[in-house]
Amino acid sequence: AFEKIVLPMGREFQPDLILVSCGFDAAKGEEEGGTVTPSCFATLASMLMERVQRKLVCSLEGGYKPSVLNECVHAVLQRLVHHHNST
């Protein structure tokens, strides 16, 4: 769905800014039994940056287990900083 709906919409609409509500409650290790890895969250963020090529604002809104939340936030930020430094 992400590659077939979200990314094409972003490229077609070409917004000046993309707002992302970063809910990490689907992360592997969370209380609800999520299955999404920190690396997957980071890949989604980097796909937005690379393929839509717009400014990206991430707002933290979910995740309940501090250790899992820390891993997810770190992975996403590290990928975004790497992308920023390579452009």
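Under a 1.4 Å probe, what is the accessible area of the chain per residue, stated in Å²? Before the final figure, lay out the partial values.
Values: 5980 Å² over 87 residues.
In whole numbers, the chain has 69 Å² accessible per residue.
Rounded to the nearest 20 Debye, what is the dipole magnitude of the chain about its Cα centre when Lys and Arg each give +1 and Asp and Glu each give -1 at the C-beta?
On the way: 8 positive and 10 negative charges, 69 e Å.
Using only the charged Cβ atoms, the result is roughly 340 debye.
What are the ³J(HN,Hα) couplings of the range 70-82, residue after residue, when phi is run through the Karplus curve with 6.51, -1.76, 1.60 and θ = phi - 60°? Round to Hz, x for glycine and proline.
Karplus values, whole Hz, x for Gly and Pro: 4, 4, 5, 4, 4, 4, 5, 4, 4, 5, 5, 5, 4.
From the phi of every residue in the range 15-21, what ³J(HN,Hα) in whole Hz does the Karplus formula 6.51 cos²θ - 1.76 cosθ + 1.60 yield, where θ is phi - 60° and glycine or proline is x?
Once θ is set to phi - 60°, the couplings for the range 15-21 become x, 6, 8, 10, 9, 10, 8 Hz.
Once neighbouring chains are kept in place and the probe is 1.4 Å, which whole percent of the accessible area of the chain is contributed by carbon and sulfur?
Numbers: 3300 of 5980 Å².
The C+S portion of the solvent-accessible surface of the chain is 55 percent.
How much of the DSSP bridge set in the chain is antiparallel, in percent, rounded to the nearest 5? Kindly include the intermediate steps, with their values, before the conclusion.
Working: 0 of 9 bridges.
Here the antiparallel bridges make up roughly 0 percent for the chain.
The values are calculated or read from the model by the stated rules, or taken from the named source; none is laboratory data. The structure presented is a predicted model; accordingly, all values stated were derived computationally and were not measured. We place every Cβ from the backbone using ideal geometry, glycine too, and count neighbours over all the protein chains shown. Side chains are part of the model used for accessible areas, which takes the heavy atoms of the whole protein and leaves out ligands, DNA and RNA. Shrake-Rupley method; radii C 1.70, N 1.55, O 1.52, S 1.80 Å.
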